[in-house]
Amino acid sequence: DYTSDGWYFITLCIQNFEEILGEVTPNGEFIPNYLGEIVEKSWLETPQIRPNVTLDVYQLMPNHFHAIVVIGDASNMPAIVKFPDTN
């Protein structure tokens, strides 16, 4: 139920966890293929289609997608704790 304003963590999985969105290189880098690029492009266009949505971080992987999305006015909600980059 996404009817309430708030921060949401979402996961979208490919049916049967088929790895159809790209591949991970031996050094651990994800390289999206054509389908992965479509998913990412569509995700990034979400705020243009849904003005009440703000995107936060996301991660595309070979068989699923994780993201944090804000529904409603983010300025009236407490911010998510951001962890420092450990790379």
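Remarks
- For the range 1-79, GluC sites (Glu not before Pro) are listed when DSSP marks them as loop and at most 12 other Cβ atoms sit within 10 Å of their Cβ; the list is Glu18, Glu29, Glu45.
- Counted charge near Pro62, where neighbours are those whose Cβ lies closer than 9 Å (Asp, Glu -1; Lys, Arg +1): -3
- For the range 1-71, the set of chymotrypsin sites (Phe, Trp or Tyr not before Pro) satisfying both a DSSP loop assignment and a count of at most 16 other C-beta atoms within 10 Å is given as Tyr2.
All of the numbers you see were taken from the coordinates with simple rules; none came from a lab. Just so we're clear, the structure is a prediction, and the values are computed from it rather than from any experiment. Cβ atoms come from the backbone with ideal geometry, glycine included; neighbour counts cover every protein chain shown.
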